Amino acid sequence: MAPGPAKPLGLRGGLLPLCAIAAAIALPFVLRAFGLDFYLSLASRIVVYAIAATSLNLVLGHAGLVSFGHAAFFGLGAYVTAIMISEGVQSGPLHLVATIAVTALAAFVIGAISLRTRGVYFIMITLAFAQMLFYLANSVKGYGGDEGLNIRARSLFSLGAYLLDLKNPLALYYVALAVLALALLALARFAPSRFGRAVLALRDDDVRAEALGFPTYRYKLVVFVVAGALGGIAGALSVNLQGYVSPNALHWTQSGTLMVMVILGGVATVWGGLAGAAALLLLQEVLASTTEHHEFWTGWVLLAVVLFARQGIVGLWTRRRASALP
Amino acid sequence: MTDIATAAPLLDVRGLEKRFGGLVATDRVDLRVDAGEIHALIGPNGAGKTTLVAQLGGQLASDRGTIVFAGADITAWPTHRRARHGLVRSFQITRLFRSASVIDNVALAVQAVTGSSIDAWRPARRDTALFERARALLDTLGLGAKAAHSIDQLSHGERRALEVGMTFASRPRLMLLDEPMAGMGREESARMEALIGVVRKESAVLLIEHDVDAVFRLADRVSVLVGGRVVASGTPAAVRSDPAVIAAYLGDDAGAA
């Protein structure tokens with residue numbers, strides 16, 4: 001692709017993003033019209049997991065850092081919000097600020113240490129940090145310990161006179177959708193930006209990128225912290241959705257689930273996180289109602305994707321270009 | 001080239017050491033490179049050239065000694081800071097950004113030293129200065145027609161040219177070229193030699209090379225590294241007839257040259 005005047009983003013992907021947004025906005029009404037309200041919580045779950053998977057895709061796909069501990073941030077965000085609510089703090093903005101602060105700080109500390117390693121060591125050390133938090137959550141009896149923490153109330157946002165309570169399924173769905181839309185927009189802007197290109201360079205060859213003058217360690221840390229905070233927000237939304245958080249939100253299988261979503265949807269793509277979350281959760285939903293062994297069949301689907309669709313679901317309809325840079 | 005320089009050298013390495021366990025890979029190396037010169041570093045296999053380059057480039061920390069470059073003691077600096085100060089290296093084994101096109105590789109090399117890259121919103125393609133510089137450089141490299149190609153579509157010689165070109169993209173004060181002619185045929189080597197002749201007009205060059213003939217044609221000064229030590233340093237003519245060089249270098253490992 002020849003360089004030249006930049007094309008405005010959003011048009012490049014055709015009308016697809018606009019259609020997707022319109023469909024997502026209309027979805028609750030469609031469900032209601034058909035008497036399928038029950039599925040709204042599934043839709044919300046897909047959106048929440050799409051946010052988490054998108055944040056992991058930033059680290060795993062765009063920066064090429066195989067973090068096997070992303071559940072740390074998802075679970076931490078869920079716990080921060082759950083604990084605040086159980087202590088009587090219901091202010092949504094406070095939950096948001098605290099979640100971002102705690103998860104970003106955790107990502108900074110975990111990233112600062114683990115980003116000094118590479119390859120298998122990086123995978124293991126991120127996993128180890130997440131497992132440490134998992135055992136910590138198990139041992140803190142004051143906040144549920146291994147039984148988890150139930151919350152009665154939810155995050156409250158006051159918009160002038162109007163009170164937005166995430167206890168309302170519709171409110172939660174739209175808030176999560178707005179967060180996802182912002183995350184996807186930011187990711188679409190990121191990829192062709194100076195920072196996005198620098199991150200692509202360090203993913204391809206960080207020794208070379210560093211030798212050319214990119215402070216690669218710092219850039220990786222920035223990506224890791226941003227992704228951690230976004231993962232934390234997904235966790236905060238998840239606890240609002242389920243009214244419950246347990247140490248399982250921090251378990252390595254949760255990290256694995258997010259990884260599967262990214263790989264299934266499309267590594268290093270904008271839409272991969274959403275596509276993967278939707279595919280995996282829908283697949284589980286369908287299979288769970290027809291067979292006891294849904295994980296077995298999910299495994300086969302994943303295998304097929306890895307073997308035959310290297311670029312994941314998103315890659316099936318975007319042809320590979322000579323350059324990954326638009 | 002006089003031995004007593006009036007101006008401070010561009011690169012001044014003193015007493016540099018690197019040990020790997022009991023092995024002394026770099027043994028009290030003194031080395032100077034002046035602005036505008038091509039200084040060649042030759043030596044038999046295992047002489048410690050690669051280790052020394054990695055120490056200068058910042059990929060390896062030194063155990064002892066100092067590296068002063070363009071007025072700053074850069075001994076403890078991380079690699080990217082050295083690059084931004086004008087000391088950029090190329091690699092013996094080609095390292096390019098495989099998922100980027102040819103021109104994007106060069107544009108990234110320019111971007112790396114021009115301003116901050118913490119802009120995650122505006123498309124970099126709008127930065128016309130960046131791409132004009134990249135395009136001009138591709139023309140210099142003879143790769144102008146292949147700007148939009150992927151790296152996989154380039155020949156070995158073209159990749160080596162791109163490797164050197166990316167090092168040059170930021171107009172560094174000093175380029176460390178690590179065996180730019182490795183694995184090249186006669187014709188490709190000649191082209192690389194011509195390219196180095198072009199880039200030297202803007203940058204000093206520390207040329208690590210196996211091809212001794214090319215070295216003696218290109219270099220203003222030559223240093224000979226044997227067993228981690230600089231055994232001789234001077235003009236090509238002086239080095240060629242230096243008995244220590246003939247004994248240690250050609251005698252020890254004549255086949256490697």
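No lab work stands behind these numbers, since they all come straight from the coordinates. Quantities reported herein were computed from a predicted structural model and do not represent experimental measurements. Here Cβ is always computed from backbone atoms with ideal geometry, including for glycine, and neighbour counts include all displayed protein chains.
Annotations for the structure displayed:
- Taking the longest Cα principal axis of chain B as reference, the axis of helix B:186-199 is set at about 80 degrees.
- Cα gyration tensor shape of region B:13-52, rounded if a/c is under 1.5, else prolate or oblate by comparing a/b with b/c: oblate
- Rounded to 0.05, the FRET efficiency of the B:Arg98 and A:Arg152 pair, given R0 = 51 Å and the Cβ-Cβ distance, is 0.45.
- Among A:Ala278, A:Ala23, A:Ala198, residue whose mean-square fluctuation peaks in a GNM of chain A (springs only between Cα atoms under 10 Å): A:Ala23
- Nearest 10 degrees, 0 to 90: helix B:128-141 Cα axis against chain B principal axis: 50
- When peptides B:87-95, B:195-203, B:228-236, A:217-225 are ranked by their average number of other Cβ atoms within 10 Å per residue, the highest-first order is B:87-95, A:217-225, B:228-236, B:195-203.
- Averaged over B:80-88, number of beta-carbon atoms from partner chains that fall within 10 Å: 4
- Calculated FRET value between B:Ala148 and B:Ala190, using beta carbons and R₀ = 22 Å, to 0.05: 0.20
- Rh by Kirkwood over Cα pairs, then Stokes-Einstein D for region A:197-267 at 0.890 mPa s and 25 °C, µm²/s: 170
- A:Met132-A:Tyr244 FRET efficiency (beta carbon distance; Förster radius 22 Å; 0.05 resolution): 0.50
- Quarter of the Cα convex hull surface for region A:133-181, i.e. its orientation-mean projected area (nm²): 5.1
- Computed P(r) (all Cα pairs; chain B; 5 Å bins; percent): 1, 6, 13, 17, 19, 17, 12, 8, 4, 2, 1, 0, 0
- Shielding of B:125-131 by partner chains, average beta-carbon count, 10 Å: 4
- log10 of Debye I(q)/I(0), alpha-carbon scatterers only, for the protein assembly as shown at 0.09, 0.13 Å⁻¹: -0.77, -1.24
- For a label point 7 Å along the Cα-to-beta-carbon line of B:Gln59, residues of region B:8-52 with backbone N under 15 Å: B:46, B:48-52
- The residue list B:Gly71, B:Gly22, B:Val215 was ranked by how far each Cα lies along the charge dipole of chain B toward its positive end, using unit charges on Cβ atoms, and B:Gly71 comes out on top.
- Label sites at B:Thr140 and A:Val66, each approximated as a point 7 angstrom past Cα along Cα to Cβ, lie 3.9 nm apart.
- Cα-projected label distance for B:Glu17 with A:Val89, points at 7 Å along beta-carbon direction, nm: 5.5
- Spherically averaged projected area in nm², based on the convex hull that wraps the Cα atoms of region A:16-317: 16.6
- For B:99-107, mean number of other protein chain Cβ atoms within 10 Å: 6
- Placing a pseudo-label 7 Å from each Cα along the Cα-to-Cβ vector at B:Thr128 and B:Ala8 gives an inter-label distance of 4.0 nm.
- Close lysine pairs were tallied over the protein assembly as shown: pairs 8 or more places apart or on different chains with Cα atoms under 26 Å apart number 5.
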